[in-house]
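> Okay, here's the structure, questions in a sec.
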Amino acid sequence: MISKNLLLSIYFVIFSFISSHSWAQINAALVWEEFKQLTSQNGFKISAMVNRTEKGLKVSDFTLIDIATETKGAARFEIDLMDIDFLERSDGSVEILPDYDQVITIRAYDDSELSSFDMELLNNEATMMISGDVGAPVLQINSPLIGVQIKEFSLPEKYQGNNLLDASLIFRGLVSNQAFLGAKQDNSKSAFKADSIDLLLDFDIPTAKMNGLINYELDDISVISRQDNFQSATSVDLATSLRQGYYALGSYTLGRGLLEFNLSSSDGNLKGQVASENSEVSSSLTQDGLLFDAYFTNGILKLSSSALPIPIDMSVRNANYGFTLPLLNENDPQGFGVRLGVLDLLISRDLWGILDPSNKLPNQPINASISLTGKSTLSEDLTDFRFDIYTENNGEQFPVEVEEILLEKLNLSLMGASLQGTGGLLLDNDDLSTFNGYPKPVGSFEFLLSGANALVDKLIDSGIVDPDTAMGARMMLSMFAVPIGDDEVRSQIEFNSLGHILANGQRLR
């Protein structure tokens, strides 16, 4: 079976030029020097024959060796690459032209055992070009089809037998552009588009009692990213880089996505499907913090396993999640936030039956959304934060003081009942005695609950809740809420400056 590191290595071989930032001049020799520097930064050393040609450089007998594990006696990975020509063109650009008729051989060592894989390059009029002005190079990759697939393989003796291994990674309609700017070319802009990406892994190793199939299909991919003041060539940590102006922005949109898998071993099996029609993701990393938001539509999750009592089968029409997180100690309050939402979440009848074995409750779509924001002060940078040193045993003060929490939106609907809420609290971090070691809150929340009695009646009718328990729940609800309509109640929970907690004006604490 191909490991994750192996697939990353294959991807690195084909697209390694995408991440570079120290060009001095556009010519074949300097492109090759940059390639060597890049491979070293990624933990490999190069063994190759380099010859000057009339049009540039030709690299042959080309091998990458994993230097991170070389000192252990044998390299964990060795990758024999195809010959590559670096051709200097009349327009001042350099074309990177691999010999697509050759194979890539990957040798993986595990102590004295050797596994090898011959990878065939797939190509349809692919072009890779370095162009642009001196000091501001642009890498362009264009191809109707480019990828790799396994041609032959050899496993250690203990796995010998009637083995199956089929794997491929294919990009169709690929258009990639990356531009570098700045004195050290440390400011980059990237645009990546592909009509589709297909990943296939099919394996059966009888002696290891392992087999499986993984199929991943992704359509209409578009990725845009930018970073400024990147400082990878120095030892500057992330917090210092952010203070010195480093930032990274990115967004991507995806069309239909489908992941199918069926895995088996001596421990059991796992089969499933994850799919969606459209996805959008945006993120930013700046001195102001980390911002992340993701949206997708028409999602499907199906999962079955010998370890699960029943299959999981769920769908959702729309979903989103995101957060805003400050990272640097700025000695002033900074904003944070959490955003979650699902629209028309539907659970399969089999899964719903765990809650309702009598099949009397309506299996209706669930809708939920929540948006929390606030302000907090950091006493140290969270870029180097380690949670394990802030345990009760060592008494260290947690490096985050929350000063304000706002419930901007809470909407929940389930089986005909709905709950809405808004409100906020200010937290007094200087008063840790009123609430026994916790900051004293001052503020209020207001909630509107509809259809609660009807829901309780359904729970009684289904046998999930007995009448006495339901009566106790109704009495408890009446302590916190007041009726304002037909099966509709309102509740205001207030935390006042005296340390009291009130529900609709009645003191609870």
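What follows is calculated from the coordinates using simple rules that are stated; it is not laboratory data. On a predicted model such as this, the values are computed, not experimentally measured, just so you know. A quick note on method: Cβ atoms are made from the backbone with ideal geometry, for glycine too, and the neighbour counts reach across all protein chains shown.
> State which entries of Lys360/Lys458; Lys375/Lys440; Lys36/Lys193; Lys55/Lys189 exceed 19 angstrom in Cα-Cα distance in the structure shown.
In this structure, Lys36/Lys193; Lys55/Lys189 exceed 19 Å between Cα atoms.
> Work out how much length Leu259 to Leu343 would gain on full extension: take 0.36 nm times their residue separation and subtract the Cα-Cα distance, in nm to one decimal.
That works out to 28.0 nm of additional length.
> Mind checking the angle between helix 4-15 and the chain's longest principal axis? C-alpha axes, 0 to 90 degrees, to the nearest 10.
60 degrees
> Something else now. Contour minus end-to-end for Thr383 and Asp486, with contour as 0.36 nm per residue of separation and end-to-end as the Cα-Cα distance?
31.9 nm
> How large is the convex hull of the Cα atoms of the stretch 429-476 per residue, expressed in Å³ as a whole number?
Expressed per residue, the convex hull around the Cα atoms of the stretch 429-476 is 123 Å³.
> Compute the long axis of helix 28-41 from its Cα atoms, compare it with the longest principal axis of the Cα atoms of the chain, and write down the angle in degrees, 0 to 90, nearest 10.
Around 50 degrees separate the two axes.
> Just need the Rg to Rh number for the stretch 127-220, please, alpha carbons only, Kirkwood Rh.
1.20
> Checking the cross-link filter: which aspartates and glutamates have an alpha carbon closer than 14 Å to that of Lys58, excluding same-chain neighbours under 8 positions apart?
Glu33, Asp83, Asp85, Glu88, Glu95, Asp99
> I've got another one for you. Applying 1/(1 + (r/R0)^6) with R0 = 30 Å to the Cβ-Cβ distance of Arg226 and Thr422, what FRET efficiency is obtained, to the nearest 0.05?
E(calc), rounded to 0.05, equals 0.25.
> If Rh is defined by the Kirkwood formula over all Cα pairs and Rg also comes from Cα, what ratio Rg/Rh do you get for the stretch 303-365?
1.25
> Could you tell me the ratio Rg/Rh of the stretch 443-502? Both radii from Cα atoms, Rh via Kirkwood.
For the stretch 443-502, the value is 1.09.
> Just to verify a number: FRET efficiency for Asp133 and Glu217, C-beta to C-beta distance, R0 = 41 Å, to 0.05?
0.60
> Would you please calculate the Kirkwood hydrodynamic radius of the stretch 379-509 over all C-alpha pairs and express it in Å, rounded to one decimal?
Mean inverse Cα-Cα distance, inverted, gives 17.7 Å.
> What residues from the stretch 282-305 fall in the zone where the backbone N is under 16 Å from a label point 7 Å along the Cα-to-C-beta line of Gln273?
298-305
> Given the convex hull of the Cα atoms of the stretch 200-290, what is a quarter of its surface area in nm²?
With every direction weighted equally, the projected area is 9.4 nm².
> Just to compare against my own numbers: the Cα pair-distance distribution for the stretch 316-454, 5 Å bins, whole % per bin, please.
Reading the bins upward from 0: 2, 8, 12, 14, 15, 13, 10, 10, 9, 5, 1, 0.
> Let me ask something else about it. Given 10 Å bins starting at zero, what is the percent of C-alpha pairs of the stretch 53-180 in each, up to the one with the largest pair distance?
With a bin width of 10 Å, the distribution comes to 11, 30, 33, 19, 6, 1.
> In addition: Return the FRET efficiency for the residue pair Leu200, Met49: r is the Cβ-Cβ distance, R0 is 56 Å, and the value is rounded to the nearest 0.05.
Rounded to the nearest 0.05, the efficiency is 0.95.
> Going by alpha carbons, how many degrees (0 to 90, nearest 10) lie between the helix axis of 467-480 and the longest principal axis of the chain?
It works out to around 90 degrees.
> Compute the Cα gyration tensor for the stretch 108-162, then decide on rounded, prolate or oblate, letting a ≥ b ≥ c be the square roots of its eigenvalues: rounded whenever a/c is under 1.5, prolate when a/b is larger than b/c in the other cases, and oblate in all that remain.
Here the stretch 108-162 falls in the oblate category.
> Per residue, how much space in cubic angstrom lies within the convex hull of the C-alpha atoms of the chain?
Hull volume over Cα atoms, normalised by residue count, gives 205 Å³.
> Return a whole-number percent for the relative contact order of the chain, with Cα pairs under 8 Å and 6 or more residues apart as the contact set.
6 percent
> Work out, in µm²/s and without decimals, the Stokes-Einstein translational diffusion coefficient of the stretch 139-298 at 37 °C, 0.692 mPa s, Rh from Kirkwood over C-alpha pairs.
Result for D is 172 µm²/s.
> Quick check: pseudo-label points 7 Å beyond the Cα along Cα→Cβ at Leu508 and Thr207, how many nm apart are they?
6.6 nm
> Using the Karplus curve 6.51 cos²θ - 1.76 cosθ + 1.60 with θ = phi - 60°, work out ³J(HN,Hα) for each residue of the stretch 309-326 in order, rounded to whole Hz, and write x for Gly and Pro.
Coupling constants for the stretch 309-326: x, 9, x, 9, 9, 9, 9, 8, 6, 9, 8, 8, 8, x, 7, 10, 9, x Hz.
> Beyond 18 Å, how much of the Cα-Cα pair distribution for the stretch 224-344 remains, as a whole percent?
67 percent
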